[in-house]
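The structure appears right after this line, and notes come after that.
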Amino acid sequence: MTTLTVMIIALFIVGYLCIAIESVTEINKAAIALLMCVGCWTLLMVAPGAYFPEVPAEGLVGHVSGLIQHHLGDTASTLFFLMGAMTIVEIVDSNGGFNFVRDTMKTRSKRKLLWRVAFMTFFLSAILDNLTTSIVMIMVLRKLVQSREERLVYAALIIIAANSGGAFSPIGDVTTIMLWIKGVITTQGVITEIFLPSLISMVIPALILQTQLHGKFDKEQNLVVGEVSAFTKAQRDIIFWLGVGGLVFVPIFRALTDLPPFMGILLVLGVLWTVTEIFHRDRGEEDTMARRVSDLLSRIDLSTIMFFLGILMAVAVLEEIGTLTALGQWLNDVTSGNHYLVTGIIGVLSSIVDNVPLVAGAMGMYPVAEVGDMAVDGIFWQLLAYCAGVGGSMLIIGSAAGVVVMGLEKITFGWYMKRITWIAFTGYLAGILCYWLEKMVF
């Protein structure tokens, strides 16, 4: 290993540590990710000939520029997909499209509410994404549960259910989106074979958590409060079904046209944008402008987009200098090539560090094979989708859903680790066992 390679890896590790302790440094992780990206590519340009000996000296600069454009194209597909999906969800939410969620949740039984929250979160996160679903469900939960101690139990289950639900859907989590766009998992394959393990990983923690809840809510505190909306109920329903139904249609659109997934997202966004503008057209600008798509676009979390851009492009450098391939080979040697063990370790690691670069790294470490466990929809890739998604539930900082719920409900790292980590880990192992049984039986 050359000195330059060590410097690139060291820069990546230091950047990664700064991202992990963002709450301590109080420096946005997006800024660190962008610095990592530029720093790693700059170091690569110090002596590109050491990594691409087959390229003539006079063509090295052009070769590296071509590599950057190639990786940027792959990354942009993911980023445009995320931006489109985030905008669609924001449109639906701001125009009252999710009001029905609160109506569905309403019950005085604490345990009934727990199961309704669990299944609503599980299936919504498969259609939307775990981050957005967590925000929606926490907002609903605040109107239904006044006791903070009890609300923390529900909030912990929201994290687990959101991550589990996102793992079996090609559009439910950033990592599954990455694997789906890469083409190593298919819509049919991941839904049919990962659904049951994901469900088990949610149901078992829910069974354990319900033992902490007893009795009924006071009649007054469990009433759903309606919100004033500029749209009629029929218009809100149209917006909801266009938005959520459109997200479900995206995989179908890809299968029909063979176009990249972000093109399907842009189609849905365009249709939804047009419909809301028509609905707003006959209303006073003072009441409706705040809900117009042109204004909602300013609410999109661009720092998250910048973070993904930086981290994915930084991982691309490790892929180009051969570090990921070497790491994958080492991990295979240590685990004797056991895919369950390899992906299981990656899942545990995803609870400590961000699962986006972990999955990006795994895609660079392991080549796609024509047949066998490493083929499209093979055991390795499906388990990677499950483990990277569900494994993030073990620590509250291990997933985007956990981090946002931590901020909204002021949950401490210690409380979650003491009360919830072992529960999430039990569900995680049960899901892996379920997948193994599926493969053994079928």
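Charges only on Cβ, +1 for Lys and Arg, -1 for Asp and Glu: so what's the dipole of the chain about the Cα centre, in debye to the nearest 20?
On the way: 27 positive and 34 negative charges, 387 e Å.
Approximately 1860 debye in magnitude.
Over region 54-163, what is the relative contact order in whole percent, taking alpha-carbon pairs under 8 Å and six or more residues apart?
24
Using a Cα-Cα cut-off of under 16 Å, which lysines could be cross-linked to residue 216, ignoring same-chain neighbours fewer than 8 residues away?
106, 110, 112, 143
Region 127-168 to region 55-113: how many Å between their Cα centroids?
Each part reduced to its Cα centre gives a spacing of 19 Å.
Measuring from label point to label point, each 7 Å out along Cα→Cβ, what is the residue 195 to residue 341 span in nm?
Here the answer is 3.3 nm between the modelled labels.
Which one of 145, 153, 334 has the biggest mean-square fluctuation once the chain is modelled by GNM with Cα springs under 10 Å?
334
How many nm separate the modelled label positions at residue 216 and residue 63, each set 7 Å beyond the Cα in the direction of the Cβ?
Here the modelled spin labels are 7.5 nm apart.
Do the sum for the chain: with -39,500 (n - 2.57) for every DSSP H run of n ≥ 4, divided by all residues, what is the mean residue ellipticity at 222 nm, to the nearest 500 deg cm²/dmol?
The per-residue figure over the chain is -24000 deg cm²/dmol.
Per-residue accessible area for residue 100 at 1.4 Å probe radius, Å² rounded to 10?
It works out to around 80 Å².
Taking +1 at the Cβ of each Lys and Arg and -1 at the Cβ of each Asp and Glu, which of 256, 35, 395 sits farthest along the dipole of the chain towards its positive end, judged by Cα position relative to the Cα centre?
395
Could you tell me which residue out of 266, 429, 309 lies farthest along the dipole of the chain toward its positive end? Charges go on the beta carbon: Lys and Arg +1, Asp and Glu -1, centred on the Cα centre.
429
Leaving out ligands and nucleic acids, and using a 1.4 Å probe, what accessible area per residue does the chain come to in Å²?
I get 44 Å² per residue for this part.
Once neighbouring chains are kept in place and the probe is 1.4 Å, which whole percent of the accessible area of region 49-97 is contributed by carbon and sulfur?
63
Hey, what did the chain get for relative contact order, percent, Cα under 8 Å, at least 6 apart?
23
Put +1 on the Cβ of each Lys and Arg and -1 on the Cβ of each Asp and Glu in region 120-242; which of 203, 234, 178 then has its Cα farthest toward the positive end of the dipole?
234
I'd like the accessible area for residue 80: 1.4 Å probe, protein heavy atoms, all chains in place, Å² to the nearest 10.
Roll a 1.4 Å probe over it and residue 80 shows about 100 Å².
The values are calculated or read from the model by the stated rules, or taken from the named source; none is laboratory data. Just so it is clear, the structure is predicted and the values come from calculations on it, not from any experiment. Please note: Cβ atoms are built from the backbone with ideal geometry, for glycine as well, and neighbour counts cover all protein chains shown. We work out accessible area using only protein heavy atoms, side chains counted, and drop any ligands, DNA or RNA first. Shrake-Rupley method; radii C 1.70, N 1.55, O 1.52, S 1.80 Å.
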